[in-house]
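Below is one structure, written out as C-alpha cells; the observations come after it.
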Amino acid sequence: IDTKLNRYVAVKVVDTPYRDDESYNTRFAREAQALARLQHTNITNVYRFGSAADVFYIAMQYIEGSDLDTMINRFRGDGLFIEYDDILRINQHVCEALDYMHQQDIVHRDIKPSNVMLDTSGNAIITDFGLVLLRDEGTRGETFGSPQYIAPEQAISSAGAVPQSDLYS
C-alpha cells in the first residue's frame, strides 16, 4: 500500500542474485523508462522508479485479477473453452496496446499469456517490460524471450526484434 496516496501498488525489485549485475540493472532502468513513456489503458502504469537501501524498485499499477496464462490453464483443466467474445476482446486490447507501443518505438520482446493481466472487468493489460527494446537505443543483440513465444528473427538475435516480433508472440 502506498501510504501517502492510500492505494495498492505493485512493487518490482531486482532479485538478490542480480543486484550487482550492471547489465541487469540497466535493463531494469530501461523497463521503468519505457513504462514512463507509455500512457495506455491496456498497458500497466509506472508510478515511481528508484532505490532504497541499494535495492532498485519500480512501483506500478496494481492490477486486481489474474494473468491470461492462469485463465487459459483453468479453462483447459476444466475441459472448457474461453468464450469467443472474450477471446476477441482480449486480442483487441492486446493489439491496441501493441499498436500504441510500437508507435512509440518500443518493442516488448516478451509477449506471452503470463505477461497479460486480466482485471476484474475483463480488460487485458500488458505487463512485464523487463526485456523491452527502445528502438532509438538499440541492444547488443543477446537473445531474450520465452522460447515458446519468441519470433524466429528474435531467436537469432534480440537486436533483430521488430514490432512484428511482438505480433508473432
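The values are calculated or read from the model by the stated rules, or taken from the named source; none is laboratory data. Bear in mind that the values here come from a model prediction, so they are computed numbers and not experimental data. Using ideal geometry, Cβ is built from the backbone for each residue, glycine included, and neighbour counts are taken over all protein chains shown. Accessible surface is based on the protein model in full, side chains and every heavy atom, while ligands, DNA and RNA are left aside. Shrake-Rupley method; radii C 1.70, N 1.55, O 1.52, S 1.80 Å.
Between rounded, prolate and oblate, where does the chain land on the alpha carbon gyration tensor, with a ≥ b ≥ c its root eigenvalues, rounded for a/c under 1.5, else prolate if a/b exceeds b/c?
Here the chain falls in the oblate category.
With every protein chain left in place, what is the accessible area per residue of the chain in square angstrom, probe 1.4 Å?
58
Find how much the distance from D78 to T41 grows on full extension, using 0.36 nm per residue of separation minus their present alpha carbon separation; answer in nm with one decimal.
Fully extending the segment from D78 to T41 adds 10.3 nm.
Can you compute the charge dipole magnitude of the chain about its Cα centre, using +1 on each Lys and Arg Cβ and -1 on each Asp and Glu Cβ, nothing else charged? Give it in debye, rounded to the nearest 20.
Value, rounded to 20: 260 debye.
So if each residue of separation counts as 0.36 nm, and I subtract the Cα-Cα distance between I87 and T26, what length gain in nm does that give?
18.4 nm
Would you list I90, I72 from the most to the least accessible area, probe 1.4 Å?
I72, I90
Which residue, R135, R74, R109, tops the fluctuation ranking in a GNM of the chain built on C-alpha contacts under 10 Å?
Of R135, R74, R109, the most mobile in the Gaussian network model is R74.
How much of the accessible area of the chain, in percent, comes from carbon and sulfur atoms when a 1.4 Å probe is used?
The C+S portion of the solvent-accessible surface of the chain is 49 percent.
Figure the gain on full extension for T3 and D69 (residue separation times 0.36 nm, minus the Cα-Cα span) and round it to one decimal in nm.
Contour length minus the Cα-Cα distance gives 20.6 nm.
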